[in-house]
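Data block below; observations after.
The values are calculated or read from the model by the stated rules, or taken from the named source; none is laboratory data. Keep in mind it's a predicted model, so treat the numbers as computed, not measured. Every residue, glycine as well, gets a Cβ built from its backbone with ideal geometry; the counts of neighbours run over all protein chains shown.
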């Protein structure tokens with residue numbers, strides 16, 4: 001008789017997560033001028049215990065074209081990329097999408113919106129998102145009986 005531990009199912013669980021991510025929003029209509037709306041901008045998100053950090057790739061954009069919103073445990077990046085229209089131009093390749101975008105990331109804790117910082121340098125938006133005081137672990141004094 002074969003026995004399988006829960007660890008033996010990890011590759012299947014990872015495959016299921018990847019497939020769910022692949023088909024997320026697959027059947028929704030996406031406007032032609034927003035082909036990159038679901039995964040743009042590319043992001044890295046990590047934490048150090050006190051804060052979450054986000055790096056988002058936004059080449060060619062300035063802070064006037066970007067909006068950063070924080071609500072509870074959600075971070076939303078919104079923006080607009082416009083390219084100059086080329087009259088009488090015949091496009092041979094057009095890989096850089098244009099138009100409006102919005103991307104929301106949910107974190108596993110509340111964010112202290114009043115202490116957030118955002119910096120745009122060389123097309124990379126870097127965010128520092130401190131955890132709210134309620135989300136930070138508290139030391140509990142143990143009493144003896």
Quiz prompt | Residues satisfying the stated conditions in the range 55-65, i.e. loosely packed, with under 13 Cβ neighbours inside 10 Å and either within 17 Å of residue 113 (Cβ to Cβ) or without any contact (Cβ under 8 Å) to a residue 24 or more places away in the chain (or both) | solution = 64
Practice problem: Working only within the range 97-122, note down all residues that are touching a strand residue (DSSP E or B) at 6+ places or on another chain (Cβ under 8 Å), within 21 Å of residue 64 (Cβ to Cβ) and in a loop (DSSP other than H, G, I, E, B). | Solution: 97, 98, 116
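Yes/no per residue for (1) surrounded by 10 or more Cβ atoms within 10 Å (Cβ to Cβ); (2) at pLDDT below 80; (3) in a strand (DSSP E or B):
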{"position": "8", "(1), (2), (3)": "yes, yes, no"}
{"position": "26", "(1), (2), (3)": "no, yes, no"}
{"position": "36", "(1), (2), (3)": "yes, yes, no"}
{"position": "41", "(1), (2), (3)": "yes, no, no"}
{"position": "53", "(1), (2), (3)": "yes, no, yes"}
{"position": "67", "(1), (2), (3)": "yes, no, yes"}
{"position": "80", "(1), (2), (3)": "yes, no, yes"}
Self-check item: Residue match in the range 88-97 (condition: surrounded by 10 or more Cβ atoms within 10 Å (Cβ to Cβ) and at pLDDT 85 or above)
Solution: no
